[in-house]
Amino acid sequence: MDNSRFKPTPILRERRRSECARFALTDARGEEIAVMVRDISSKGLSAAALGTAPAVNEVVRASLEDGRELWGLVRWADGNLFGVEFDTRG
């Protein structure tokens, strides 16, 4: 097949915000995790821990300044960078 005829299928993905959002992230023991959020969406976030990143499969909680709480699971970690998938059942 001629490459000029190839058209990639778009992968529709929710728009991510890379603006600052104020919230506290805590681990399953209720201890605060100091983080800098890289991006966030309704399905999850990626962040840089200011210390040690939480372990893969660890449960974390994000407490938003409007009073809502989001629970999630750490899905990946690489050094101090990590990603959380929020529990969206609900």
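Laboratory data are not the source of any read-out in this text; all were calculated from the coordinates shown. The structure presented is a predicted model; accordingly, all values stated were derived computationally and were not measured. Using ideal geometry, Cβ is built from the backbone for each residue, glycine included, and neighbour counts are taken over all protein chains shown.
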Ratio of the Cα radius of gyration of region 17-86 to 2.2 N^0.38 Å, where N counts its residues: 0.96
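Taking the Cβ of each residue in Thr52, Thr26 as the centre, tally the other Cβ atoms inside 10 Å and list the residues starting with the fewest. Walk me through the numbers on the way to the answer.
Values: Thr52 11, Thr26 17.
In increasing order of surrounding Cβ atoms, one gets Thr52, Thr26.
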Could you state the orientation-averaged shadow area of the convex hull built on the Cα atoms of region 47-90, in nm² to one decimal? 3.4 nm²
Exposure-ranked with fewest Cβ neighbours within 10 Å first, Glu31, Glu58, Glu69 stand as Glu31, Glu69, Glu58
